[in-house]
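So the structure is just underneath, and the comments pick up after that.
The values are calculated or read from the model by the stated rules, or taken from the named source; none is laboratory data. Nothing here was measured: the structure is a model prediction, and the numbers come from that model. With ideal geometry, Cβ positions are generated from the backbone for all residues, glycine too; neighbour counts draw on all protein chains shown.
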Amino acid sequence: MENNNIDDSYITHTEFKKTLSFVVILVLVFAIALGGVFGFILSSLVGTSSGANQSVSGPIQNLPVVNEQSAVINVVKKSNPAVVSIVISQYVPNTSSNSSLNNYLCSFFGTCSNPSSGNNGTGYSKQEVGAGSGFIISSDGYILTNKHVVANPQDSYTVIMNNGKTYNAKIVGVDPTNDIAVVKINATNLPTLTLGNSSNLQLGESVVAIGNALGQYQNTVDTGVVSGLDRNVQAQDPVTHAIEQLTGVIQTDAEINPGNSGGPLLNLKGQVIGINTAVASSAHGIGFAIPINQAKADVNSVISQGKLVKPELGVSYVNVTAGIQRQYHLKYDYGALIMGSSNQSAVIPNTPASRAGLKKGDVILEVNGTKVDSANPLSYLIGEQKVNSTITLQVYTKSGSLKNISVLLNKTFK
């Protein structure tokens, strides 16, 4: 007969083993959890007290910031020796002078003849009246800057190097169609900056601006990003008050103060991608720079020929964007819309453009088959041409027809 009775001691022993196993597992889980909490607290304390010894697992989120900071430092170290200050001096009337006629003529015409420096008998003395920036583009002393920095040929200009050395500077080229100029100092074996490609710029790209801020703080460094591309702005010279239309410029939030004009805007490779030129007076933290591609033809001309020689088309224009297209109800969203300003004609008389029959309201779409857009602005495409060469423009006329127009670029600027 089968015995269904089970020993009570066996049941008790089995239950005890199950209970013990459960307790052991529970203790282990609790210990692991407690160890994790303790480890977190300990690592936090160690990280707070000794940042240098802090270890981080997983993605290192701060690494890009560290790399960018290092890149900026390297750019500044590499570029600073080639960035210069340009001091502007004029002969101005001495207040103690009795030469009322000379004072009247000087104030009336806005410029003074250059008598011997410090000769009070003439009623004039040489004084610093302004400052700007520039950067060296050739080891034998060619320096790129803004046209408005060296606007008056009767003024004298002194270049101050980053190491404190000073040189007298001579204007060798002024671009009549852009805010670009080249000056020359007598020196050799100078440090230079490398010109980059401004057509490759991206919104949000980090940039570094270096210049003589406020005319007092030499080689001031400012950082920011490219906050806009292909902007059209009006820049006013603070001395002459002349207004110039700048097209296709770079917008940046890097601080560009008075005195920074003519200094370089650099990418994180240390390449010049723009020439700092203007600041928006009605807004804080918005500056503008001329894309370096617009200056390359000027640079090549000056270095190869010792003077600025370039063809002229003779139009004022704005770059066509989607916004300009909507505003003026244009057929195309690219090209150069010929239009004037309050102080400049749309088509300048006695120029290749006027002789070729270009009119206000025409849109230049192509130059020799190359599309006119933000990557290839009209000024850049014209600047690449040779003097006395004939080019073909594709033009969408104000009357609504598409034409190919031949233009002889037969005027030279020096």
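For Gly123, are the conditions met, namely being over 22 Å from Ile180 (Cα atoms), over 34 Å from the mean Cα position of the chain (by Cα) and modelled with pLDDT of 50 or more?
When the stated conditions are applied, Gly123 passes them.
Surrounded by fewer than 19 Cβ atoms within 10 Å (Cβ to Cβ), of a type in the set (Gly, Ala, Ser), within 29 Å of Pro377 (Cβ to Cβ) and in contact (Cβ under 8 Å) with a residue 24 or more places away in the chain: does that describe Ser138?
yes
With respect to Gly357, determine if the residue is farther than 24 Å from Val172 by Cβ and loosely packed, with under 15 Cβ neighbours inside 10 Å.
When the stated conditions are applied, Gly357 passes them.
Which count do you get for residues in the range 136-170 that are more than 19 Å from Ser89 (Cα to Cα) and of a type in the set (Ser, Thr, Tyr)?
Final tally of qualifying residues: 3.
The rows are residues; the columns are (1) aliphatic (A, V, I, L, M); (2) in contact with a Gly (Cβ under 6 Å, 6 or more places away or on another chain).
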position	(1), (2)
Pro377	no, yes
Val387	yes, no
Thr397	no, no
Asn404	no, no
Val407	yes, no
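Against the definition (in the same structural domain as Met339 (by TED's automatic domain parsing), outside any loop (DSSP other than H, G, I, E, B) and more than 25 Å from the chain's Cα centre (by Cα)), how does Val387 come out, yes or no?
Taking the combined requirement at face value, the residue does not satisfy it.
Can you pull out the residues in the range 257-281 that are assigned to a loop (DSSP other than H, G, I, E, B), modelled with pLDDT of 80 or more and within 17 Å of His148 (Cα to Cα)?
Asn260, Ser261, Gly262, Gly263
Among the residues of the range 82-101, write down those that are at pLDDT below 75 and not in a strand (DSSP E or B).
Result: Asn94, Thr95, Ser96, Ser97, Asn98, Ser99, Ser100, Leu101.
How about the range 349-381: which of its residues are part of a helix (DSSP H, G or I) and farther than 16 Å from Val320 by Cβ?
The answer is Pro352, Ala353, Ser354, Arg355, Ala356.
Could you tell me whether Val302 is surrounded by 22 or more Cβ atoms within 10 Å (Cβ to Cβ), β-branched (Val, Ile, Thr) and either under 26 Å from Thr351 (Cα atoms) or more than 17 Å from the chain's Cα centre (by Cα) (or both)?
yes
Select, from Lys310, Lys371, Lys296, Lys360, the only residue that is closer than 30 Å to Thr188 by Cβ, over 22 Å from the mean Cα position of the chain (by Cα) and in contact (Cβ under 8 Å) with a residue 24 or more places away in the chain.
Lys310
When you scan the range 149-167, do you find a residue that is outside the structural domain of Gly224 (by TED's automatic domain parsing), of a type in the set (D, E, K, R), farther than 30 Å from Ala346 by Cβ and at pLDDT 90 or above, even just one?
yes
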